[in-house]
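Notes follow once the structure below has been shown.
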Amino acid sequence: MRSLRIGGRTLELVKGDITRFEADAIGNAANEALAGGGGVDGAIHRAGGPIIMEECRAIGKCPTGQAAVTTAGNLPARYVIHAVGPVWRGGAQGEPGLLASAYRNTLRQADAHDVVTLALPSVSTGVYSYPLDLAAPIAVGVVAEHLKGQTSLRRVTFVLYSDETMAAFEKALSELSGETS
Ligand code: AR6
């Protein structure tokens, strides 16, 4: 399953490069220092240009589980919401709660900036090694819950980079829709 309607809003899954996706805001999978790096973070800074790093430096740090907002430079978006997910350390160090919190705070930041369309990557499942089959249900679950409540968002799109990530998110979305129907 690749899309789900929730209270007149849409949660969808698309395969692709988030730096090319047109939305009011895109999410990033950042680190606490907001220092840039590899993965989707590197791709966003490369495509968006130096203004994003300048704004990250001005913000300073962002603790794990939180999210910080900058403009989006040359990207086809108005904002980048830098979410800091947890490093996977076996699952007993609060990782599920911190991952949920990173998504929840990203969605709150989106609302605070009147974002209507939001694109998100799969936070923590690359360099930070969070197992995909455990991360995907948290990601879609938090977004689905948020879309049931008061929000400016009308469409949230997970833009997923690999077939493996897409498969894990499709499974999680199917299971979620089974639970909610
Ligand atoms: N568009 C969409 N998804 C992408 C893209 C892209 N252009 N590029 C990679 N991904 P990661 P993390 C996927 O490693 O695990 C950085 O160094 C990727 O396939 O980017 O949260 C930061 O600075 C994976 O599914 O983020 C931090 O230090 C997902 O994005 C650290 O890595 C997340 O992988 C954060 O690690």
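The values are calculated or read from the model by the stated rules, or taken from the named source; none is laboratory data. Please read all numbers here as calculations on a predicted model, not as lab measurements. When we count neighbours, we look across all protein chains shown, and the Cβ atoms used for this are built from the backbone with ideal geometry, even at glycine. Surface areas here come from the heavy atoms of the whole protein model, side chains and all, with no ligands, DNA or RNA. Shrake-Rupley method; radii C 1.70, N 1.55, O 1.52, S 1.80 Å.
Some values worked out for this structure:
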{"read-out": "Fraction of antiparallel bridges per DSSP, the stretch 3-180 only, in percent to nearest 5", "value": "35 percent"}
{"read-out": "Accessible area per residue, Å², the stretch 41-93 with all protein chains present, probe 1.4 Å", "value": "48 Å²"}
{"read-out": "Per-selection Kirkwood Rh - the stretch 55-181 (Cα, Å, 1 d.p.)", "value": "15.1 Å"}
{"read-out": "Mean separation of Cα contacts under 8 Å, 6 or more apart, over the residue count of the stretch 3-180: relative contact order %", "value": "30 percent"}
{"read-out": "Structure-based [θ]222 nm, the chain - -39500 (n - 2.57) summed over DSSP H runs of at least 4, per residue, nearest 500", "value": "-12500 deg cm²/dmol"}
{"read-out": "Per-peptide average of other Cβ atoms within 10 Å, ordering 115-122, 89-96, 32-39, 141-148 highest first", "value": "115-122, 141-148, 32-39, 89-96"}
{"read-out": "Over the stretch 99-140: Rg over Rh, Cα atoms, Kirkwood Rh", "value": "1.02"}
{"read-out": "The stretch 132-181 versus the stretch 39-66: alpha-carbon centroid distance in Å", "value": "24 Å"}
{"read-out": "Ellipsoid equivalent to the stretch 1-110 - semi-axes via the Cα gyration tensor, in Å", "value": "21, 20, 13"}
{"read-out": "Projected-area average for the stretch 9-48 over all orientations - Cα convex hull basis, square nanometres", "value": "3.6 nm²"}
{"read-out": "Mean Kyte hydropathy of -1.0 or more with a Cα span along the axis of at least 20 Å, helices from DSSP in the chain", "value": "95-112, 132-147, 163-180"}
{"read-out": "Within straight-line cross-link reach of residue 148, lysines at Cα separation under 23 Å, skipping those fewer than 8 residues along the same chain", "value": "171"}
{"read-out": "Check: the stretch 3-180 dipole with +1 on Lys, Arg Cβ and -1 on Asp, Glu Cβ, in debye", "value": "280 debye"}
{"read-out": "Cβ-defined net charge surrounding residue 10, 12 Å radius [Lys, Arg +1; Asp, Glu -1]", "value": "+4"}
{"read-out": "Percent carbon-and-sulfur accessible area, the chain, ignoring ligands, DNA and RNA, probe 1.4 Å", "value": "50 percent"}
